[in-house]
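A.B. asks: Provided herewith is a single structure, encoded as structure tokens, for subsequent inquiry.
The values are calculated or read from the model by the stated rules, or taken from the named source; none is laboratory data. Nothing here was measured: the structure is a model prediction, and the numbers come from that model. Cβ sites come from the backbone with ideal geometry, for glycine too, and all protein chains shown count toward neighbours. The protein model used for the area step is the full one, side chains on, heavy atoms only, and it has no ligands, DNA or RNA in it. Shrake-Rupley method; radii C 1.70, N 1.55, O 1.52, S 1.80 Å.
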Amino acid sequence: MKTIIVVGNGMVGYKFCEKFVSKNESKNFKLQVFGEEPRAAYDRVHLSQFFEKRDAKALELAPLEWYQENDIHLIVNERVTDIHRDRKSITTSTDKEYHYDYLILATGSAPFVPPITGIEKKGVFVYRTIEDLEGMLAYADEIKKNKPNCRAAVLGGGLLGLEAGKAVMDMGLEPHVVEYAPKLMPRQLDSRSSNVLQLTLEEMGIKIHTGKATNQILGNGVITGMDFGEDDTLEVDMLVVSAGIRPRDELAKTCDLEMGVRGGIVVNKKMQTSDPYIYAIGEVALYNQMIYGLVAPGYEMAEVAVNQILENHQAAMQESIDMSTKLKLIGVDVASFGIPYMPANKGLSIIYENKTKGIYKRINVSHDGKTLLGGIMVGDAADYSILHQMYLNNMPLPDNAEELIVGARGEGGSAFGSAMDLPDTAVICSCEAVTKGAICCSVLEDGNETVKGVSKATKAGTGCGGCKPMLSDLVAESLKSIGKTVKQSICEHFNYSRQELYDIVKTRAVQDYDELLDTVGTGHGCEVCKPAVAAIFASIYNETANRQETIQDTNDRFLANIQRNGTYSVVPRVAGGEITPKQLMALGRIAQKYDLYTKITGGQRIDMFGAKLHELPLIWEDLIAEGFETGQAYGKSLRTVKSCVGSTWCRYGMDESVSFAIEIEHRYKGIRSPHKLKGGVSGCIRECAEARCKDFGFIAVEGGWNVYVAGNGGANPKHAELLAEKVDKQTAITYVDRFIMFYIKTAQPLQRTAAWLEKLEGGITYLKNVVINDSLGIANELDLEMQSYVDTYKCEWKEAVENPEIRSRYSHFVNSEDEDDTIEFVSLREQKMPKQWA
Amino acid sequence: MLKAIEKYQPVGADQIKVWYKAAALEKFPKNGGACIKYKEKQIAVFNFTRTGQWYACQNLCPHKMEMVLSRGMIGEENMIPKVACPLHKNTFSLQTGENLNGSLEAIATYPVKVENGYVYVGFAE
Ligand code: SRM
Ligand SMILES: Cc1cc2nc3c(=O)[nH]c(=O)nc-3n(C[C@H](O)[C@H](O)[C@H](O)COP(=O)(O)OP(=O)(O)OC[C@H]3O[C@@H](n4cnc5c(N)ncnc54)[C@H](O)[C@@H]3O)c2cc1C
Ligand code: SF4
Ligand code: FES
């Protein structure tokens with residue numbers, strides 16, 4: 001049995017192992033791996049995600065058991081210190097010696113730290129390993145304690161530097177990026193695109209300093225600033241150096257392997273170093289006089305080395321390696337492919353620039369106009385994958401090449417047809433080298449009908465994830481070609497979309513969740529299908545969450561929003577935001593009685609926080625006695641209809657917005673929908689009620705009401721669209737009735753009206769036709785269904801406090817009257833708040 | 001003092017010293033859970049009415065250390081019975097306690113039996 005030793009358990013070293021054990025012939029080899037880092041290989045490409053989750057395990061490429069199962073002897077936390085070529089062995093930092101038949105050097109690279117005076121000061125970091133990030137986080141926490149507005153700079157405005165810039169911003173520090181060149185991403189972008197990018201980043205709050213050579217790091221032992229010469233300094237509390245990488249070729253020096261003048265271990269196209277028993281792969285390998293700082297070429301190198309060792313001698317690296325890149329995470333699209341920019345004698349460029357929108361696109365085309373040579377996109381890289389594919393596959397260009405970037409997009413159709421036009425050999429996923437042919441075959445011949453299934457079978461999309469949009473296009477198109485559509489099944493228990501389930505429940509008059517599962521589902525359900533089905537039952541039968549309580553989502557089950565510490569909030573309805581002084585006092589009294597924290601919400605009402613489970617029915621009993629009803633702040637249902645004061649008091653008011661808001665809030669209260677619904681009514685176009693940020697909104701104008709639909713604030717703000725102009729109140733209500741009913745019947749679970757309308761084929765024009773012109777002939781049905789909702793409303797909290805069976809659900813223990821004694825509060829501005837998480 | 005989470009150690013079938021008579025069967029919602037108190041512990045007990053199975057685990061979610069698991073939705077994933085924490089929907093196997101959709105530490109599970117209309121939970125002390 002022969003022994004292969006892999007030095008380095010990084011991304012490429014790991015890939016070597018994965019590819020090696022997948023081959024049959026590998027059984028005759030013993031695989032021994034050394035990694036210097038304290039943990040097994042992880043996804044360095046997505047290192048920045050560590051800031052969000054702080055979960056190193058989530059980044060892991062394979063768990064330790066995987067190495068065991070595959071008989072790979074992995075030793076972490078152990079550096080290889082010497083290679084003895086004469087006796088084919090290595091020694092490690094613990095002075096142990098191991099023999100090899102083949103040696104794989106996958107030692108990667110280290111951040112380049114320029115020799116600037118003072119760079120060793122405390123507070124200066126590099127950005128490469130999980131430990132680096134942990135160090136940065138701990139340091140940031142510490143400096144933030146003593147100073148409110150700390151600043152962090154990143155030295156280097158390349159791909160990685162910008163990613164680091166975003167990371168320090170997410171850490172709550174004021175981000176600065178310092179670049180030596182006169183522009184950002186000097187290697188990938190031309191000056192104009194760099195400018196556009198700079199403007200966008202500055203708008204996001206990242207300060208950019210280009211053309212700055214750093215002379216010195218200031219501070220007494222601890223960094224306090226950077227000195228650019230001539231009295232030009234920048235005060236900073238932390239610095240992240242991201243000034244390029246240097247291959248970790250120190251081992252090659254210990255044994256005289258051939259190296260490049262500026263470092264890197266020289267390899268041939270078989271990935272062999274100058275010693276045929278030693279291979280180098282990944283960021284340490286110097287191939288064609290270049291170091292490739294990306295995973296895709298590294299993975300290809302791993303594949304070549306595996307094949308060479310298994311005596312598949314044809315396997316070799318390609319001559320030219322694609323260095324196209326798309327920047328991730330930072331919140332602005334940036335991509336470049338092929339030759340991003342070139343002088344006019346080499347090719348012709350077509351440039352589209354729109355500074356107001358922060359968009360720049362450039363493509364470079366050969367002189368005969370037939371081939372795409374490369375390009376840049378900033379601000380909108382939606383077409384990057386397809387352009388990149390056209391470039392890689394040398395595909396013919398349309399007659400008007402400019403259509404590729406300014407094309408008829410948006411007005412239906414693009415200049416380049418579909419992903420299906422690509423040749424079968426086109427590599428879609430470059431990380432895992434999966435071709436279009438392999439993806440389509442996985443769908444058509446192996447019967448994988450979901451993106452997830454295809455991903456699992458082919459590994460496409462499991463690397464950097466950049467190919468996912470194209471992957472899902474290909475899956476969808478392949479299915480279409482055999483007359484199938486992509487199933488939007490809600491989970492493993494129901495092979496149906498929400499709309500299909502809605503129809504099934506309705507037409508077969510299914511009575512409860514169990515019956516639905518028994519008739520058209522499999523297994524026993526989960527936390528995804530249960531609340532989705534609960535919402536369907538609620539919409540069809542207008543039933544409250546009290547009937548099938550255990551399939552309800554957290555907040556619906558106990559008719560209250562659960563808070564950080566497991567207590568609940570209480571929000572009574574205050575329709576239109578109008579409240580009498582007597583009711584206000586009642587709220588105050590009750591909140592005081594139960595020691596609740598109170599706050600005016602962004603929805604014009606009052607939220608009372610900190611109620612323990614067993615207190616909820618008691619509080620609601622008191623509230624109901626004062627004439628309040630549930631405000632459904634939980635539940636996917638109507639929240640609030642926000643109003644401005646309107647013509648009753650306001651000197652500009654065109655109509656009574658408060659009266660209208662109250663009327664409409666009472667009309668729609670309690671209706672369950674795919675997502676929550678919010679409304680607004682403004683008395684004039686000054687729009688103080690922000691009606692155009694709501695799912696439905698009315699604005700009083702000369703001669704009637706303007707009706708807006710499908711807007712929202714939240715995570716993806718969108719202004720509502722005009723549905724009808726200057727209509728009377730009754731007509732306005734009818735239109736919105738129909739709009740809401742149509743939405744309830746056809747939307748996906750948890751899809752708000754704006755997202756729904758965006759996906760609705762034909763958009764607002766189609767919606768107008770359905771709602772106003774009754775183009776589907778369903779208006780009458782929609783009207784009746786809405787009226788039946790309105791007629792069958794009941795306050796579910798009243799139901800809950802009056803029904804002993806429901807009421808008994810509100811106790812912390814079923815075997816004891818005790819309260820939960822683990823809940824602790826601390827005081828806050830004369831009120832209270834949950835004790836912080838430990 | 002013991003940190004809250006250290007109170008909960010899984011109990012295997014062979015370690016049961018006490019079968020604690022927790023409460024009458026009908027106190028537990030169908031296809032759902034409820035919390036019981038045993039000495040200093042809070043234990044979530046789940047009634048999988050569809051399969052006739054019962055499971056129990058610590059009520060404490062290891063994610064943010066809140067006493068909430070009994071209020072979570074139950075379900076099944078690849079035949080493994082599970083509970084989803086009501087706060088952030090981390091899911092845990094009710095057989096092994098393992099965190100199914102992440103890498104939180106496992107929760108402690110306990111044996112349950114139903115006899116003469118009463119639900120019993122097995123403890124090692
Ligand atoms: C209390 C309140 C914040 C405040 O102190 O003002 C609030 C609190 C919560 N919001 Fe909100 N939102 C509140 C007004 C808003 C607003 C402002 C508004 O309505 O004018 C918005 C943006 C407008 C919009 O929705 O279009 C808003 C956008 C969200 C979103 C994002 C929705 C989206 O489509 O992106 C969520 C998350 C979700 O629903 O999935 C959310 C979710 C939540 C939840 C329910 C999160 C949760 O599950 O625990 C919070 C519950 C607190 C509680 O227990 O009551 N909240 N939330 C406001 C209650 C209003 C009310 O009286 O009911
Ligand atoms: C923040 C960040 C973002 C990135 N984003 C992208 C991206 O979007 N797209 C992309 O293609 N690439 C990206 N990269 C680059 C990508 O991570 C690297 O190309 C890839 O990790 C190279 O793999 P490697 O195995 O050659 O090196 P590494 O992953 O660095 O692995 C080398 C390993 O060898 C170990 N080692 C070194 N010397 C020894 C020794 N003597 N003994 C034992 N062990 C040793 C090291 O500790 C290390 O664990 C990014 C990198 C970073 C840091
Ligand atoms: S914005 Fe976020 S934190 Fe604030 S109430 Fe809404 S959901 Fe909670
Ligand atoms: S507290 Fe349980 S998932 Fe967060």
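A.B. asks: For the structure I just gave you, tell me whether A:N565 is touching a residue at least 40 places away in the same chain (Cβ under 8 Å), over 25 Å from A:C529 (Cα atoms) and at the interface with chain B (Cβ under 10 Å from one of its Cβ atoms).
C.D. replies: On the way: touching a residue at least 40 places away in the same chain (Cβ under 8 Å): yes; over 25 Å from A:C529 (Cα atoms): yes; at the interface with chain B (Cβ under 10 Å from one of its Cβ atoms): yes.
So A:N565 fits the description; yes.
A.B. asks: Still on this structure: So, in the stretch A:604-628, of the ones that are part of a loop (DSSP other than H, G, I, E, B) and touching a strand residue (DSSP E or B) at 6+ places or on another chain (Cβ under 7 Å), which residue ends up farthest from ligand 1 (Cβ to nearest atom)?
C.D. replies: From the stretch A:604-628, those part of a loop (DSSP other than H, G, I, E, B) are A:604-605, A:612, A:626-628; that's our starting set.
Filter once more, keeping what is touching a strand residue (DSSP E or B) at 6+ places or on another chain (Cβ under 7 Å): A:604-605, A:628.
Working: A:Q604: 7, A:R605: 4, A:F628: 13 Å.
So the residue we want is A:F628.
A.B. asks: Just the residues that are surrounded by fewer than 16 Cβ atoms within 10 Å (Cβ to Cβ) and in a strand (DSSP E or B), please, taken from the stretch A:1-50.
C.D. replies: A:K2, A:K30
A.B. asks: Report whether or not A:N495 is surrounded by fewer than 22 Cβ atoms within 10 Å (Cβ to Cβ) and away from chain B (no Cβ under 11 Å). Explain how you work it out, then say what you get.
C.D. replies: Details: surrounded by fewer than 22 Cβ atoms within 10 Å (Cβ to Cβ): yes; away from chain B (no Cβ under 11 Å): yes.
Yes: the conditions hold for A:N495.
A.B. asks: A further question follows. Hey, can you tell me all the residues within the stretch B:48-61 that are more than 8 Å from chain A (Cβ to nearest Cβ) and open to solvent by 10 Å² or more (accessible area, probe 1.4 Å)?
C.D. replies: Passing the criteria: B:T49, B:G52, B:Q53, B:W54, B:Y55.
A.B. asks: Moving on. Restricting attention to the stretch B:81-100, which residues are among the charged types (D, E, K, R) and at pLDDT 95 or above?
C.D. replies: Pass one, the stretch B:81-100, residues among the charged types (D, E, K, R): B:82, B:89, B:98.
The answer is B:K82, and nothing else.
A.B. asks: In addition: Scan the stretch A:533-557 for residues that are of a type in the set (A, V, I, L, M, F, W, C) and crowded, with 21+ Cβ neighbours inside 10 Å and jot them down.
C.D. replies: Step one: filter the stretch A:533-557 for residues of a type in the set (A, V, I, L, M, F, W, C), giving A:533-538, A:540, A:545, A:551.
Listed by number, the residues that qualify are A:V533, A:A534, A:A535, A:I536, A:F537, A:A538, A:A545, A:I551.
A.B. asks: Within the stretch B:68-90, count every residue that is away from ligand 1 (no atom under 16 Å from the Cβ) and of a type outside the set (A, V, I, L, M, F, W, C).
C.D. replies: Looking only at the stretch B:68-90, we keep the residues that are away from ligand 1 (no atom under 16 Å from the Cβ), and these are B:69-70, B:74-83.
Subset that is of a type outside the set (A, V, I, L, M, F, W, C): B:70, B:75-78, B:81-82.
The total comes to 7.
A.B. asks: Something else: If you check every pair at least six apart or on different chains, which have Cβ atoms under 9 Å apart with a residue in the stretch B:90-109 that is farther than 22 Å from B:Q15 by Cβ and open to solvent by 40 Å² or more (accessible area, probe 1.4 Å) first and a residue that is of a type in the set (K, R) and within 16 Å of ligand 1 (Cβ to nearest atom) second?
C.D. replies: Final answer for the pair search is B:N101/B:K89.
A.B. asks: Among the residues in the stretch A:128-146, are any in a strand (DSSP E or B), in contact (Cβ under 8 Å) with a residue 24 or more places away in the chain, more than 16 Å from ligand 1 (Cβ to nearest atom) and surrounded by 15 or more Cβ atoms within 10 Å (Cβ to Cβ)?
C.D. replies: So in the stretch A:128-146, the residues in a strand (DSSP E or B) come out as none.
Checked against the condition, which is being in a strand (DSSP E or B), in contact (Cβ under 8 Å) with a residue 24 or more places away in the chain, more than 16 Å from ligand 1 (Cβ to nearest atom) and surrounded by 15 or more Cβ atoms within 10 Å (Cβ to Cβ), the stretch A:128-146 yields no hits at all.
A.B. asks: While we're here: Give the number of residues within the stretch A:686-707 that are of a type outside the set (D, E, K, R) and under 36 Å from the mean Cα position of the chain (by Cα). It would help to see each step written out before you state the result.
C.D. replies: Within the stretch A:686-707, the first condition is being of a type outside the set (D, E, K, R), and the residues that meet it are A:688-689, A:691, A:693, A:696-701, A:703-707.
Of the ones still in play, those that are also under 36 Å from the mean Cα position of the chain (by Cα) are A:688-689, A:691, A:693, A:696-699, A:706-707.
Going through the stretch A:686-707 one residue at a time, the tally reaches 10.
A.B. asks: Of the residues in the stretch A:570-599, how many are open to solvent by less than 80 Å² (accessible area, probe 1.4 Å) and in a loop (DSSP other than H, G, I, E, B)?
C.D. replies: Residues flagged as open to solvent by less than 80 Å² (accessible area, probe 1.4 Å) and in a loop (DSSP other than H, G, I, E, B) within the stretch A:570-599 amount to 7.
A.B. asks: Identify, from the list A:I764, A:I740, the residue that is of a type in the set (A, V, I, L, M, F, W, C), outside any strand (DSSP E or B) and closer than 21 Å to A:I671 by Cβ. Full working, then the answer.
C.D. replies: Details: A:I764 fails: closer than 21 Å to A:I671 by Cβ.
None of the others qualify; the one that does is A:I740.
Residue-wise test of (1) open to solvent by 60 Å² or more (accessible area, probe 1.4 Å); (2) small (G, A, S).
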site: A:G219; (1), (2): no, yes
site: A:T224; (1), (2): yes, no
site: A:M238; (1), (2): no, no
site: A:A252; (1), (2): no, yes
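A.B. asks: Separate question: For residues in the stretch A:274-283 being touching a residue at least 12 places away in the same chain (Cβ under 8 Å) and surrounded by fewer than 24 Cβ atoms within 10 Å (Cβ to Cβ), which is nearest to ligand 4 (Cβ to nearest atom)?
C.D. replies: Ranking the qualifying residues of the stretch A:274-283, first place goes to A:Y277.
Okay, residues lined up against (1) within 16 Å of ligand 2 (Cβ to nearest atom); (2) within 10 Å of another protein chain (Cβ to nearest Cβ); (3) assigned to a strand (DSSP E or B); (4) open to solvent by less than 30 Å² (accessible area, probe 1.4 Å):
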position	(1), (2), (3), (4)
B:Y20	no, yes, yes, no
B:K30	no, yes, no, no
B:I36	no, yes, yes, yes
B:K64	no, yes, no, no
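A.B. asks: Okay, moving on. Just to confirm my filter: which strands (runs of 3 or more DSSP E) fall fully inside the stretch A:291-402 and include at least 1 residues that are among the charged types (D, E, K, R) and in contact (Cβ under 8 Å) with a residue 12 or more places away in the chain?
C.D. replies: Values: elements: A:325-327, A:334-338, A:348-354, A:359-365, A:372-378.
Here the list reads A:325-327, A:348-354, A:359-365.
A.B. asks: So, A:S48, is that one more than 24 Å from A:E303 (Cβ to Cβ), away from chain B (no Cβ under 14 Å) and out of contact with any Ser or Thr (no Cβ under 8 Å at 6 or more places or on another chain) or not? Step through it out loud before you land on a result.
C.D. replies: Values: more than 24 Å from A:E303 (Cβ to Cβ): yes; away from chain B (no Cβ under 14 Å): yes; out of contact with any Ser or Thr (no Cβ under 8 Å at 6 or more places or on another chain): yes.
Taking the combined requirement at face value, the residue satisfies it.
A.B. asks: Just need a number here: residues in the stretch B:74-89 that are hydrophobic (A, V, I, L, M, F, W, C), open to solvent by 10 Å² or more (accessible area, probe 1.4 Å) and facing chain A (nearest Cβ under 9 Å).
C.D. replies: Of the residues in the stretch B:74-89, the ones hydrophobic (A, V, I, L, M, F, W, C) are B:74, B:79-80, B:83-85, B:87.
So of that shortlist, the ones also open to solvent by 10 Å² or more (accessible area, probe 1.4 Å) come out as B:79-80, B:87.
So of that shortlist, the ones also facing chain A (nearest Cβ under 9 Å) come out as B:79, B:87.
Total satisfying the criteria: 2.
A.B. asks: What number of residues within the stretch A:527-564 are touching a helix residue (DSSP H, G or I) at 6+ places or on another chain (Cβ under 7 Å), more than 16 Å from ligand 4 (Cβ to nearest atom) and among the basic types (K, R)?
C.D. replies: Counting residues in the stretch A:527-564 that are touching a helix residue (DSSP H, G or I) at 6+ places or on another chain (Cβ under 7 Å), more than 16 Å from ligand 4 (Cβ to nearest atom) and among the basic types (K, R) gives 1.
A.B. asks: Which members of the stretch A:777-814 meet the condition of being within 14 Å of chain B (Cβ to nearest Cβ) and charged (D, E, K, R)?
C.D. replies: Result: A:E805, A:R807, A:R809.
A.B. asks: State which residue is surrounded by the fewest Cβ atoms within 10 Å (Cβ to Cβ) when the search covers only the stretch A:51-84 and only residues that are of a type outside the set (K, R) and within 16 Å of ligand 4 (Cβ to nearest atom).
C.D. replies: The residue in question is A:E52.
A.B. asks: For the stretch A:702-719, enumerate the residues that are out of contact with any His (no Cβ under 8 Å at 6 or more places or on another chain), more than 23 Å from A:Y652 (Cα to Cα) and surrounded by 22 or more Cβ atoms within 10 Å (Cβ to Cβ).
C.D. replies: A:V709, A:A710
A.B. asks: Which numbered condition in (1) of a type outside the set (F, W, Y); (2) at pLDDT below 95; (3) within 17 Å of A:K768 (Cβ to Cβ) is the only one that A:I685 fails?
C.D. replies: Every listed condition holds for A:I685 apart from (3).
A.B. asks: Criterion first (more than 11 Å from B:P86 (Cβ to Cβ) and at the interface with chain A (Cβ under 8 Å from one of its Cβ atoms)) does B:K41 satisfy it? Steps first, please.
C.D. replies: Values: more than 11 Å from B:P86 (Cβ to Cβ): yes; at the interface with chain A (Cβ under 8 Å from one of its Cβ atoms): no.
Answer is no for this residue.
A.B. asks: Does A:G331 satisfy the criteria of being open to solvent by 60 Å² or more (accessible area, probe 1.4 Å) and at positive phi?
C.D. replies: Working: open to solvent by 60 Å² or more (accessible area, probe 1.4 Å): yes; at positive phi: yes.
Here the answer is yes, as A:G331 does meet what is asked.
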